[in-house]
Structures are given as structure tokens and as C-alpha cells.
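Report on the structure given below.
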Amino acid sequence: MEMSSRESASDSEPESVVVSEDESQSAIRQDLKGMSFEEIMQLKEELGAKVYKEAVLGSKSAPAKQRKTKTDLKRLNKNRPREMSSRRQVPFLGAEHRVERKKEVELRDPRFDEKSGDYNIETFKKNYKFVTKIRDKEVGQLKKQLDQVADAEEKKKIKHTMQRLINKNVEDKRWHIKQHSLKKERDYIQKSHNEGQQPHYLTKKERRAKELVAQFELLKSTGKLNKHLEKRRKKNAAKDRKRIGID
């Protein structure tokens, strides 16, 4: 009888504790009903969110999540794929391999890399010779646009762009003429050697004179000789005025 009374007393203690906690929480909730929202927020700030939550909702914590054991992840058949959780995004097939390959790739500048080969200006100019025709076409379009524009600043920009394209084409033509002249010179030297004769090697001064003659012929053929001479005359006159101190 004594043991049974003790057991009954021990069983009744937690029930009394639970009842007292429920009663205190219900009493707190009743008090909160009579308070305004501002007073409730002020009380929450004074007590702290954690203490306030325990006082209103109780100190019962949610049961801890049980870890999955190896038996939970075990497949029924070794040939079946493992079932993955839908909460975690499955990586795309081969993503980890793709990242590894990306790390191995080294950035390189083809202009200074030996793997890209040696720079040959003749091959480059030959491959991109079509750009000259594109520039001529753009100059024609800019001329039409220039007639339709009334703003002086916009006209100045268009003229500057046109002149830049024209100068680039003239520079390319001069380069090709110079290369043609050098090729003729090399052919003449090779022919003289083959015939057993001593060839005449041009000096820098003689080569420069030939280049000026070729430039003169180019300007004459394009009808820009007079304009070029006028520009040279003005440039020389400005140099003379600057030399003698006349503004």
C-alpha cells in the first residue's frame, strides 16, 4: 500500500505542474487581451522575443530531427538510382566536371602567343584587303548623311569620320604601292644574280625619291594633286611664318 501511494504521488506531480503551466499561460493570455497592441509590443521589447514567446506559448520545444541512418538511404536494388531529397536541387549532369575543365583553361592573348603563329603583315593586309571597299562604301553613305544634316557640330563630326576613313584607305594604297615597288626591286636583284651581273642596290635616298614619285602618280590619277599641293604650300608657309616670328 505504501509503494502504491508513492507511485500515485509521483504520477500526480507532473500533472499538477502541467496544469499550473497551462493556467499561468491562460492567465497571461487573458491579461494580453486587455492590452493594446502598442502595450504588447512594448512588453515584448522589455522582456525580449524569446522570453515573451516562452511565456505565451510555453517552453515546449519541438522534437529534434532524427538523422537518417544508412539503412534509410539504402537502396532496395544496387542497380537502382538513389532517391534524392526534393528540398535540395540536384546538380546538372556533368556540372562538377565542367567546373574542373573551366579551372584548367588559361586565358591567353593571341597577339602575343606563340601558338597563334608569327605575325606576317603581308598576309594580314592581303586577307583584310576587302576592308578598303567597306570604307569606300561608308564614305559614300556619310556624304549622303552630310547633305541631310543641318547642325554644324554634327557636320563637323561626320567630316572628321569621313576624313579618317579616307586617310586610312590612302595609307593602305601607299603600303601596297611600296610593297609592289620592293617586289620589283627584289626581282631585279634576283635576275641580275641569275645572269651573273652585279645589281644596283638602291640607297635610302633613292628609295624615298621613288616613293614620292609613286605618291605623285597616285594623287594625279585620283585627281587630288592640286589639293595636295595647296595643302603643302599652306603648311610650308605656316612654318616660314613661325620661323621668322610672324603670327
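The values are calculated or read from the model by the stated rules, or taken from the named source; none is laboratory data. What you see is a predicted model, and the numbers here were worked out from it, not measured in a lab. With ideal geometry, Cβ positions are generated from the backbone for all residues, glycine too; neighbour counts draw on all protein chains shown. Heads up: the accessible areas ignore ligands, DNA and RNA and are worked out on the full protein's heavy atoms, side chains in. Shrake-Rupley method; radii C 1.70, N 1.55, O 1.52, S 1.80 Å.
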**Complete:** All alpha-carbon distances of region 102-214, grouped into 10 Å bins from 0, give the whole-percent distribution 11, 23, 23, 22, 14, 6, 1
**Prompt:** How large is the accessible surface per residue of region 203-246, computed with a 1.4 Å probe and reported in Å² as a whole number?
**Reply:** 91 Å²
**Fill in**
Here the gain from full extension of residue 114 to residue 236, 0.36 nm per residue of separation minus their alpha-carbon distance, amounts to 39.3 nm
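Provide the gained length on full extension for the span residue 41 to residue 54, in nm with one decimal, where the gain is 0.36 nm per separating residue minus the Cα-Cα distance.
Details: separation 13, 0.36 × 13 = 4.68 nm, distance 1.54 nm.
Result: 3.1 nm gained on full extension.
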**Prompt:** Under 16 Å Cα-Cα from residue 191, which lysines qualify once same-chain neighbours fewer than 8 residues away are excluded?
**Reply:** 183
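If you count, for each residue, the other Cβ atoms within 10 Å and average over each peptide, how do 145-158, 211-224 line up from highest to lowest?
Details: 145-158: 10.4, 211-224: 12.8.
Top of the packing list down: 211-224, 145-158.
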**Prompt:** Taking a probe of 1.4 Å, how large is the accessible area per residue of region 119-201, in Å²?
**Reply:** 83 Å²
**Message:** Students often check this: by mean Cβ neighbours within 10 Å, which of 126-136, 112-122 ranks highest, and how do the rest follow?
**Reply:** 126-136, 112-122
**Request:** Could you work out the Kirkwood radius for region 203-246, taking every pair of different alpha carbons, averaging 1/r and inverting it, reported in Å?
**Result:** 12.1 Å
**Request:** Describe numerically, in nm with one decimal, the distance between label points set 7 Å from Cα along Cα→Cβ at residue 144 and at residue 128.
**Result:** 2.7 nm
**Under 25 Å from residue 33, Cα to Cα: lysines that are on another chain or at least 8 residues apart** = 44, 50, 53, 60
**Message:** Give me the one-decimal nm value for the distance between modelled label points at residue 194 and residue 171, 7 Å along each residue's Cα-to-Cβ direction.
**Reply:** 3.7 nm
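What is the percent carbon and sulfur in the accessible area of region 113-165, measuring with a 1.4 Å probe over the protein chains and ignoring ligands? Don't skip to the answer; put the middle values down first.
Numbers: 2330 of 4680 Å².
About 50 percent, which is the carbon plus sulfur part of the accessible surface.
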**Message:** Cross-link candidates for residue 234: which lysines have Cα within less than 22 Å, leaving aside residues fewer than 8 places away along the same chain?
**Reply:** 156, 159, 220, 224, 242
